[in-house]
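All remarks here apply to the structure that follows.
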Amino acid sequence: MSISDRTDSRRRFLKLLAGSPLIGLWLPSGSFEKSIAAALQKPGWEGDPAVQKLIASPDQALNVFDFEAVAKQNLPPAHWGYMATGVDDDVTLRANRSGFSRLQIRPRRLVDVTRIDTSTEIFGTKWKTPIIISPVGSQRAFHPQGELATAKAAASRGHLQLLSTVTTTSVEEVTAARGAPVWYQLYPTARWEVTKALVKRAEAAGSPVLVLTVDLPGGRNTETLERFKLIDNRTCTDCHQPGLKGRLKRRPMFDGLDMTGLTDYYAPNLTWDSVRRLKDITKMKLVLKGIVTREDAALSVEHGVDGIIVSNHGGRAEESGRSTIECLPEVIEAVGGRIPVLIDGGFRRGTDIFKALALGAKAVCVGRPYIWGLSAFGQPGVEKVLDVLRMEFELIMKQAGVTSLDQIKRTYVVESSR
């Protein structure tokens, strides 16, 4: 194919992308269209930044977004849609990213940053970094090694890992692969016997912390996932059987449990009394994941919860339109330093992590970026994503003039007036 033929083909491809209704899921309104228009006006547009060449190995990545494009290429449409989806119009999904732009960093100068310390301590355990691996279910949908590859990457880079209830690898296997216990994220079912069995199994596997997810009592409307299913030409029933029984077929944490009468693994009957009951049956620390208001943060402390994760499930729970970084200040204020507050939702850059810590978060949980790395290159991809985030975070610490996490205070960020 000649250069002119390639140019013509690429122009047609860009025009197709510009007209796609799905492109707005990841980019601010109008930004992609403007970049495409600029590229189409240039004869030699191949070098335009709007056109991204896929990386061929993890070492070629400049940032975590480089893995996203490869992941999308590697995955079947329905699997990509499952990972990429928010709920309803994906407003909250996008808000998680745009929320960071409303905060600006105030760097300090003339500070010796030759050596910096990124370590943090949570529940008496010291970690090299405040970057935590969020619980993401069904990881073997993204790579054959799934959670095992993630666990090995967590071990090699010294990161805390949270494991989902709907993992495709058991807590025992993941713990063995990581060489140390993981925190266990719990979806409490509507049947107490099932919930209790999940808790006891995680505790027996050595998990020191139980992370109770409280933001999905009534299910969710994942429109973007459904749209991607429509363009997936595979026969999905070859792997996925209908109903709860079919969905639990690849969920080893439910093996041997009596799920009779249940239609889902979420609990619409979850209340503050459920929190008390959980505390009564386990010695694990109890963290609530999904708290986004001062009222519920205060109730968390009142009910003896050990920690909070400010979370909207990565934009996959409710369509509030509110980012977690915007929710964080009121939760921090209500807690008043009595328990640690963590956060997830839209973290893609070292500067995002810095801003959250400046607002009072103890640590930051990252989800989709490491799944992009997993989908693209397996364990090496996850490791490189973690490396990139740590590099960026260390860089902004130096640029801001701080040498340890306890120096990152509220005075280092200001709300944008733009």
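Since every read-out is calculated from the coordinates, none of them should be taken as a lab result. Here the structure is a predicted model, which is why all the values come from computation and not from measurement. Neighbour counts run over all protein chains shown; Cβ positions are idealised from the backbone, glycine included.
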Q: Would you mind giving the average projected area, over all directions, of the Cα convex hull of region 160-222 in nm² with one decimal?
A: 4.8
Q: Find how many whole Å separate the alpha carbon centroid of region 352-418 from the alpha carbon centroid of region 85-158.
A: 6
Q: For the chain, build the charge dipole from Cβ charges (+1 Lys, Arg; -1 Asp, Glu) around the Cα centre, then report which of 65, 80, 356 sits farthest towards its positive end.
A: 65
**Q.** Over region 323-418, equivalent-ellipsoid semi-axes from the Cα gyration tensor in Å
**A.** 25, 16, 12
Q: Once you have the Kirkwood Rh of region 91-171 from its Cα pairs, apply Stokes-Einstein at 20 °C and 1.002 mPa s and quote D in µm²/s.
A: 135
Q. Among 220-228, 286-294, 366-374, how do they line up from the highest to the lowest mean number of other beta-carbon atoms within 10 Å?
A. 366-374, 286-294, 220-228
**Q.** Three principal axis lengths of region 61-200 [C-alpha, angstrom, descending]
**A.** 58, 40, 29
**Q.** Antiparallel DSSP beta bridges within the chain, percent to nearest 5
**A.** 20
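Per residue, how big is the convex hull around the C-alpha atoms of the chain? Give it to me in cubic angstrom, could you? Working shown, then result.
Details: hull volume 65.1 nm³, N = 418.
It is 156 Å³ per residue.
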